[in-house]
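Novice: To start, I am sharing the structure in question, which I have written as structure tokens.
The values are calculated or read from the model by the stated rules, or taken from the named source; none is laboratory data. Because the structure is a prediction, the values reported are computed rather than measured. Neighbour counts are summed over all protein chains in view; Cβ atoms, including those assigned to glycine, are modelled from backbone coordinates with ideal geometry. Heavy atoms of the whole protein, side chains included, go into the accessibility calculation; ligands, DNA and RNA do not. Shrake-Rupley method; radii C 1.70, N 1.55, O 1.52, S 1.80 Å.
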Amino acid sequence: MTINRTAERVRSFGTSIFAEISALAVQHGAVNLGQGFPDFAGPAWVKDAAAEAISADLNQYAPYLGLPRLREAIAATWSAHGWREVDPANEVTVTSGATEAIFGAVQALINPGDEVIIFEPFYDAYVPDVVMAGGVPKYVRLYPPLKDEGGRMKDEAQHSIASAEPSSLILHPSSLSWSFDPAELAAAFSPRTRLLLLNTPNNPTGKVFSPAELAQIAELCIQHDVVVIADEVYDQLVFAPAVHTPIATLPGMWERTLTVNSIGKTFSLTGWKIGYAVGPADLTAALRAAHQWITFATSTPLQVAAAVALERAANCDYYAELRAEYAERRDLLADVLVGAGFPTLPVEGSYFIMADISQAGFSSDADFCRWLTRDVGVAAIPPSAFYADTCDLPLLARFCFAKKPETLRAAAERFQARGFRFQA
Ligand code: PMP
Ligand code: GLN
């Protein structure tokens with residue numbers, strides 16, 4: 001008899017969808033628009049700062065809270081965005097990516113049996129994070145946008161994307177972008193609810209929660225004394241007219257929110273894993289208590305370079321240029337997908353675009369994505385990986401546009417080579 005030595009707490013965890021699809025993409029030489037990472041370099045001045053820090057022998061442990069210079073740069077960034085004056089000594093913690101900040105915050109803030117509200121589809125790490133802390137996830141659905149009578153997306157902001165073909169998405173009332181039902185959200189709260197995990201701009205939907213939606217969430221969290229972990233790693237990847245509002249800036253929310261970010265997305269350096277959390281001193285102290293026993297501290301020279309990145313970005317047009325470049329990539333990928341017969345949904349933020357695959361003849365998005373990767377040579381992620389309940393899902397695939405134009409054009413060539421066009 002084989003003994004299963006895997007602890008119960010992790011026994012149900014399979015391989016992440018990103019690892020599976022990336023491996024399949026390598027095996028079949030597919031253009032990888034699956035796992036979210038840029039295929040272009042981060043800024044040379046940030047890389048130079050890291051190289052200099054290594055040469056200068058800044059190579060020993062950093063303080064576990066994070067290098068003072070980086071914590072100050074994070075506080076200055078909050079101040080420059082007009083969000084809040086933050087105390088770098090007591091309200092900022094540097095972690096190994098946003099991933100560690102979220103894991104540590106969940107460990108630090110819930111007891112076994114406590115409930116955590118998660119919008120679905122969710123970034124896939126959230127559920128294991130809650131399960132490993134003994135918590136109970138409670139899901140609230142985000143519904144895809146409606147089309148109007150003419151079959152066009154109702155969101156007028158979507159210019160070329162708006163002209164996408166009609167889709168057969170699940171319909172839901174009152175929807176201009178992905179939306180939740182306020183009654184379903186209210187019903188998810190119980191006396192055991194401790195945390196709400198919010199991701200805006202959202203992976204995988206591309207939704208940016210509006211101030212009105214954030215106010216609804218805030219009101220319920222205040223009423224039920226619930227803490228929010230706000231995952232805002234795509235905060236600089238927001239496309240006008242959408243505007244990112246940190247939920248921590250809403251009245252009554254600073255004292256109950258830990259805002260998580262990372263330089264991975266903003267500076268195209270996902271492999272560096274420099275993340276951070278900003279929040280009031282008591283929540284920060286809780287996170288630090290967990291963090292000191294999880295990774296203790298994170299890479300010293302890369303923290304120096306992350307500080308340089310934030311300091312310099314605040315004093316030039318870096319963020320505006322980043323957004324402009326991403327808007328071009330988004331439009332290019334939307335054109336490629338629409339041209340191949342996959343209507344695309346609006347993207348308000350993040351570097352992901354969802355495409356309607358309902359006309360492709362597959363009943364499962366995972367089968368579609370495996371087939372697309374293997375037989376067509378374009379890798380995409382099936383959003384069902386981001387749902388706990390996979391009943392009644394819209395048939396979509398998530399494509400990443402953090403790619404060079406030539407990569408996106410290579411994907412177009414793969415589609416063309418297969419004579420792709422599902423719809424007339
Ligand atoms: N949150 C979301 C929504 C993400 O998409 C990702 C990353 N890919 C992360 C967190 C993890 O960020 P990091 O790489 O900084 O750990
Ligand atoms: N966040 C990235 C994505 O959504 C992947 C990160 C990972 O591989 N865990 O594609």
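Novice: Can you name every residue in the stretch 265-291 that is buried (at least 23 other Cβ atoms within 10 Å of the Cβ) and either outside any helix (DSSP H, G or I) or within 16 Å of ligand 1 (Cβ to nearest atom) (or both)?
Specialist: If the condition is that a residue be buried (at least 23 other Cβ atoms within 10 Å of the Cβ) and either outside any helix (DSSP H, G or I) or within 16 Å of ligand 1 (Cβ to nearest atom) (or both), then LYS265, PHE267, LEU269, TRP272, ILE274, GLY275, TYR276, ALA277, VAL278, GLY279, LEU287, HIS291 are the ones that fit.
Novice: Hey, could you check the stretch 42-70 for residues that are open to solvent by 70 Å² or more (accessible area, probe 1.4 Å) and either within 16 Å of ligand 1 (Cβ to nearest atom) or not acidic (Asp, Glu) (or both) and say which is farthest from PRO383 (Cα to Cα)?
Specialist: SER55
Novice: Among strands (runs of 3 or more DSSP E) lying entirely in the stretch 89-154, which contain 3 or more residues that are of a type in the set (Val, Ile, Thr) and at pLDDT 95 or above?
Specialist: Strands (runs of 3 or more DSSP E) meeting the threshold: 92-96, 115-120.
Novice: Against the definition (touching a residue at least 40 places away in the same chain (Cβ under 8 Å), buried (at least 19 other Cβ atoms within 10 Å of the Cβ) and farther than 27 Å from ALA19 by Cβ), how does GLU115 come out, yes or no? First the steps, then the outcome.
Specialist: Numbers: touching a residue at least 40 places away in the same chain (Cβ under 8 Å): yes; buried (at least 19 other Cβ atoms within 10 Å of the Cβ): yes; farther than 27 Å from ALA19 by Cβ: yes.
Taking the combined requirement at face value, the residue satisfies it.
Novice: Residues that are away from ligand 2 (no atom under 16 Å from the Cβ) and either open to solvent by 10 Å² or more (accessible area, probe 1.4 Å) or of a type in the set (Lys, Arg) (or both): does the stretch 196-203 have at least one?
Specialist: No, the stretch 196-203 has no match at all.
Novice: Kindly evaluate ARG323 against the criterion of being open to solvent by less than 40 Å² (accessible area, probe 1.4 Å) and either more than 16 Å from ligand 1 (Cβ to nearest atom) or not small (Gly, Ala, Ser) (or both).
Specialist: In short, no.
Novice: Residues being closer than 10 Å to LEU24 by Cβ and more than 14 Å from ligand 2 (Cβ to nearest atom): count how many of those fall in the stretch 374-390.
Specialist: Within the stretch 374-390, residues that are closer than 10 Å to LEU24 by Cβ and more than 14 Å from ligand 2 (Cβ to nearest atom) number 1.
Novice: Further question: Return the residues of the stretch 381-424 that are crowded, with 22+ Cβ neighbours inside 10 Å and in a loop (DSSP other than H, G, I, E, B); say none if nothing qualifies.
Specialist: Selection gives PRO382, LEU395, PHE401, ALA402, LYS403.
Novice: Find all pairs meeting these conditions: Cβ atoms under 6 angstrom apart; at least six residues apart or on different chains; first residue within the stretch 367-392 and farther than 13 Å from SER22 by Cα; second residue open to solvent by 70 Å² or more (accessible area, probe 1.4 Å).
Specialist: The qualifying pairs are VAL376/ARG414; VAL376/ARG418; SER384/THR390; ALA388/TYR139.
Novice: So LEU197 ticks every box in (1) assigned to a strand (DSSP E or B); (2) without any contact (Cβ under 8 Å) to a residue 40 or more places away in the chain but one. Which box is left unticked?
Specialist: Every condition holds for LEU197 apart from (2).
Novice: Still on this structure, I have one more. Among the residues of the stretch 307-334, write down those that are assigned to a loop (DSSP other than H, G, I, E, B) and touching a residue at least 24 places away in the same chain (Cβ under 8 Å).
Specialist: Matches in the stretch 307-334: ALA314 only.
Novice: Determine which single condition MET1 fails, assuming it passes every other condition in (1) in contact with a helix residue (DSSP H, G or I) (Cβ under 9 Å, 6 or more places away or on another chain); (2) exposed (fewer than 13 other Cβ atoms within 10 Å of the Cβ).
Specialist: All conditions pass for MET1, except number (1).
Novice: Looking for something more than 13 Å from PHE119 (Cα to Cα), out of contact with any helix residue (DSSP H, G or I) (no Cβ under 7 Å at 6 or more places or on another chain) and touching a residue at least 60 places away in the same chain (Cβ under 8 Å) - is there at least one such residue anywhere in the stretch 249-264? Full working, then the answer.
Specialist: The first filter runs over the stretch 249-264 and keeps only residues more than 13 Å from PHE119 (Cα to Cα), leaving 249-264.
With the extra rule that they be out of contact with any helix residue (DSSP H, G or I) (no Cβ under 7 Å at 6 or more places or on another chain), the set shrinks to 249, 251, 255.
After this cut, where a residue has to be touching a residue at least 60 places away in the same chain (Cβ under 8 Å) as well, the list is 249.
So far as the stretch 249-264 goes, yes, one or more of its residues are more than 13 Å from PHE119 (Cα to Cα), out of contact with any helix residue (DSSP H, G or I) (no Cβ under 7 Å at 6 or more places or on another chain) and touching a residue at least 60 places away in the same chain (Cβ under 8 Å).
Novice: So in the stretch 206-233, with the set limited to residues that are under 19 Å from PRO182 (Cα atoms) and part of a loop (DSSP other than H, G, I, E, B), which one is most open to solvent (accessible area, probe 1.4 Å)?
Specialist: Top of the filtered list is ASP225.
Novice: Let me ask something additional. Looking at (1) more than 16 Å from ligand 2 (Cβ to nearest atom); (2) buried (at least 18 other Cβ atoms within 10 Å of the Cβ), which is the one condition that is false for GLN359?
Specialist: Exception for GLN359: condition (2).
Novice: All but one of (1) open to solvent by 10 Å² or more (accessible area, probe 1.4 Å); (2) away from ligand 1 (no atom under 16 Å from the Cβ) hold for GLN236; which doesn't?
Specialist: Result: GLN236 passes all but (2).
Novice: Determine whether LEU345 is crowded, with 21+ Cβ neighbours inside 10 Å, under 22 Å from the mean Cα position of the chain (by Cα) and in contact (Cβ under 8 Å) with a residue 60 or more places away in the chain.
Specialist: The answer is yes for LEU345.
Novice: Which one of PRO38, PRO43 is within 16 Å of ligand 2 (Cβ to nearest atom), closer than 30 Å to ARG398 by Cβ and out of contact with any Asp or Glu (no Cβ under 7 Å at 6 or more places or on another chain)?
Specialist: Every option except PRO38 fails the conditions.
Novice: Going by the conditions given, is ALA105 touching a strand residue (DSSP E or B) at 6+ places or on another chain (Cβ under 7 Å) and open to solvent by less than 10 Å² (accessible area, probe 1.4 Å)?
Specialist: yes
Novice: HIS291 - would you say it is more than 14 Å from the chain's Cα centre (by Cα), at pLDDT 95 or above and either under 21 Å from PRO137 (Cβ atoms) or within 16 Å of ligand 2 (Cβ to nearest atom) (or both)?
Specialist: In short, no.
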